[in-house]
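Novice: Quick one: the structure is below, questions incoming.
The values are calculated or read from the model by the stated rules, or taken from the named source; none is laboratory data. All values derive from a computational prediction rather than experimental measurement. Using ideal geometry, Cβ is built from the backbone for each residue, glycine included, and neighbour counts are taken over all protein chains shown. Please note that ligands, DNA and RNA were not included when accessible areas were found on the heavy atoms of the full protein model with its side chains. Shrake-Rupley method; radii C 1.70, N 1.55, O 1.52, S 1.80 Å.
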Amino acid sequence: MTKKISNKRKKIDLHMHTTASDGASTPKELIEKCVDLGLETIAVTDHDNVTNVEKVKKLGEENGLKVISGIEISTYRGEAEYHILGYFVDIENAALLGLTEAILDSRVERTHKMIEKLTEMGYPLDFADVKKYATGVSLGRPHIARAMIEKGYIEEIGDAFTEEFIAGGGKAYVEKKNVLPAEAIEVILKAGGIPVIAHPYIINHGKSLGKKEISRLKDVGLKGVEVYQTKHNKKITKKYKKIAEELELLITGGSDYHGENSPGILPGDTGMNQEEFDQLESYAHSML
């Protein structure tokens, strides 16, 4: 992971996860943390589901915090894993819910397969060992990591994310459901949302995205680039801001907060300015 780009906390953070996917914070805990840190606008972008969006929005409203409906969909182009963020999505849209249901079903199957691999390697786990750490609807690798800690196989979450265990391409790793980037972009658009490529510098099993690759995504409906990210340093941020401007794409940013499942990252560590958010929100309104 590259160095954080700023020590100054941002008021707008559009990349956050809760216990509905691989985040460690409940909706209540997330809102409390964001309010304590002085944030004003956030987006809930759980992986492949929108289960906690309404809860976070309601709690945000009660605490004077603006909450945007969002999602982060894992997609693949070959072996490369592209994460597509969706903002201002209709969380009751049939196309969106159909895709998320299929992905979540595949996550259960994927978890079973990784458990089998770990067990064969001499680190036995039961599905129940993992499921108890997934308080939401979505299962992910951090839940497996927590179960491994409990069993005494590793000492901390990061120890699981190695080639020996469940890092991408690791001995016990299993790929996610193979959704194409264009498919996720299309579904987000159908749900009235704005599709944005997440952390383009960090692509699991693939090279960082350049202008050509991002332009291809624009051709199939991409509307924005996550320029500001805790995975992007100043040089990388400048590069992607230039690409976004040249391709006339919207600019977004967020911390990619996962709570205890991503130690060292807090809400607002990275984010965007008010002008950039206003442009994003204005575009969303123009789509209505």
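Novice: Once both axes come from the Cα atoms, what is the angle between helix 27-36 and the longest principal axis of the chain, in degrees from 0 to 90, rounded to 10?
Specialist: On a 0 to 90 degree scale, this one is about 50.
Novice: What number comes out for accessible area per residue over the range 1-154 if the probe is 1.4 Å? Units Å², please.
Specialist: In whole numbers, the range 1-154 has 43 Å² accessible per residue.
Novice: Calculate how large, on average over all directions, the projected area of the Cα convex hull of the range 78-230 is; give the answer in nm² to one decimal.
Specialist: Details: hull surface 38.3 nm².
Taking the Cα atoms of the range 78-230, their convex hull projects to 9.6 nm² on average.
Novice: Continuing with this model, one more query. Cα centroid distance between the range 160-174 and the range 230-288, in Å?
Specialist: So the separation of the two Cα centres works out to 29 Å.
Novice: How high is the relative contact order of the range 33-165, in percent, counting Cα pairs under 8 Å that sit 6 or more residues apart?
Specialist: Over the range 33-165, the number comes to 17 percent.
Novice: Can you list the HN-Hα couplings for the range 45-56, worked out from phi with the Karplus curve (6.51, -1.76, 1.60; θ = phi - 60°), rounded to whole Hz and with x for Gly and Pro?
Specialist: Running phi through 6.51 cos²θ - 1.76 cosθ + 1.60 with θ = phi - 60° gives 10, 5, 5, 6, 7, 10, 4, 9, 4, 5, 5, 5 Hz.
Novice: So, one more: Pulled fully out, how much extra length does the chain show between E150 and N204, if you take 0.36 nm times their separation in residues and subtract their Cα-Cα distance?
Specialist: 16.7 nm
Novice: Determine the share of the chain's accessible area contributed by carbon and sulfur atoms, expressed in whole percent, with a 1.4 angstrom probe. All intermediate terms of the calculation are to be shown ahead of the outcome.
Specialist: Values: 6200 of 12890 Å².
About 48 percent, which is the carbon plus sulfur part of the accessible surface.
Novice: Count the lysine pairs in the range 119-182 whose Cα atoms sit under 21 Å apart, keeping only pairs 8 or more residues apart in sequence or on different chains.
Specialist: Lysine pairs meeting the criterion: 6.
Novice: Can you compute 3J(HN,Hα) from phi for each residue in the range 85-99, using the Karplus curve 6.51 cos²θ - 1.76 cosθ + 1.60 with θ = phi - 60°, rounded to whole Hz and x for Gly and Pro?
Specialist: So the J values, rounded to whole Hz, are 7, x, 10, 6, 6, 7, 6, 10, 5, 5, 5, 5, 5, x, 5.
Novice: Next question. Mean shadow of the range 136-188, computed from the convex hull of its alpha carbons, in nm²? Mind dumping the intermediate values first?
Specialist: Working: hull surface 19.4 nm².
Directional mean of the projected Cα hull area for the range 136-188 stands at 4.8 nm².
Novice: So, one more: If the viscosity is 0.692 mPa s and the temperature 37 °C, what translational diffusion coefficient in µm²/s does Stokes-Einstein give for the range 155-288 when Rh comes from Kirkwood over Cα pairs?
Specialist: My calculation gives 200 µm²/s for D.
Novice: Rounded to the nearest 20 debye, what is the charge dipole size of the chain about its Cα centre when +1 sits on each Lys and Arg Cβ and -1 on each Asp and Glu Cβ?
Specialist: The calculated dipole for the chain is roughly 900 debye.
Novice: Summing -39500 (n - 2.57) over the DSSP H runs of n ≥ 4 in the chain and dividing by its residue number, what mean residue ellipticity at 222 nm do you reach, to the nearest 500 deg cm²/dmol?
Specialist: Helix contribution divided over all residues of the chain: -12000 deg cm²/dmol.
Novice: Continuing with the same structure: With a probe of 1.4 Å, find how much accessible area the range 184-288 has per residue, and write the answer as a whole number in Å². All intermediate terms of the calculation are to be shown ahead of the outcome.
Specialist: Values: 4640 Å² over 105 residues.
Using a 1.4 Å probe on heavy atoms only, each residue of the range 184-288 averages 44 Å².
Novice: Then there's this: Going 7 Å from the Cα of E175 in the Cα-to-Cβ direction, what parts of the range 187-231 have a backbone nitrogen less than 13 Å from that spot?
Specialist: 204-206
Novice: Measuring from a point 7 Å past the Cα of D126 along Cα-to-C-beta, which residues in the range 136-159 have an amide N at less than 15 Å?
Specialist: 147-148, 151
Novice: Using the eigenvalues of the Cα gyration tensor, what equivalent ellipsoid semi-axes result for the chain when each is taken as the square root of five times the eigenvalue, whole Å, largest first?
Specialist: Semi-axis lengths for the chain are 29, 21, 19 Å.
Novice: Go through 258-268, 190-200 and give me the packing order, highest mean Cβ count within 10 Å leading.
Specialist: Per-residue mean Cβ counts within 10 Å order the peptides as 190-200, 258-268.
Novice: Rg and Dmax of the range 17-120 over Cα atoms: what are they, in angstrom?
Specialist: Cα-based Rg and Dmax for the range 17-120 come out at 15.4, 50 Å.
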